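Below is one structure, written out as structure tokens; comments come after it.
The values are calculated or read from the model by the stated rules, or taken from the named source; none is laboratory data. These figures come from a predicted structure and were not determined experimentally. Using ideal geometry, Cβ is built from the backbone for each residue, glycine included, and neighbour counts are taken over all protein chains shown.
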Amino acid sequence: MSQTPTKPINILILGHSPQATDVIATLLQGQPGFLLSVSRVAYGEATRSAKEVEPDVILLLADALEASDPIVAIEEITDTVPGAAIIVLTNDTHHTMRDYQIAGARDCLIPPYEREAIAASVHQAYALERK
């Protein structure tokens, strides 16, 4: 008996810095059940990019958004792509991480970024968004 394949989780890695987005993409590359897209955009283009890709989960590299306020980006993306769960990857303090979650992020992760932790967060955020 064969199982029906489940739809892969469509993940958008969103940030300005090629180095930062490449590190996260490399960590998740080959992870079963994930379909990765990477968008290296400036702050003003983050929402447009999210709307074009229509991801299930967005990994938002808050520290890699050039000259921007990640909270505003989270709010705009949440309004534009309400079905996408946002996970913020940041070096910020717990106080700021709480602000990210109030703005609409499902989770916040801090370095060191590990494949297992990111994958677990993606699965959890995806499941919560689908409830």
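The table below gives the values:
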item: Subset of region 27-52 [part of a strand (DSSP E or B), more than 21 Å from residue 117 (Cα to Cα) and either charged (D, E, K, R) or modelled with pLDDT of 95 or more (or both)]; result: 40
item: Test: residue 87 is over 15 Å from residue 34 (Cβ atoms), of a type in the set (A, V, I, L, M) and modelled with pLDDT of 90 or more; result: no
item: Residue that is farthest from residue 75 (Cα to Cα) [pool: residues in region 92-123 that are in contact (Cβ under 8 Å) with a residue 60 or more places away in the chain and assigned to a helix (DSSP H, G or I)]; result: 115
item: Test: residue 98 is surrounded by 14 or more Cβ atoms within 10 Å (Cβ to Cβ) and among the basic types (Lys, Arg); result: no
item: Residues being hydrophobic (A, V, I, L, M, F, W, C), surrounded by fewer than 19 Cβ atoms within 10 Å (Cβ to Cβ) and either at pLDDT 95 or above or out of contact with any Lys or Arg (no Cβ under 7 Å at 6 or more places or on another chain) (or both) - total across region 106-131; result: 6
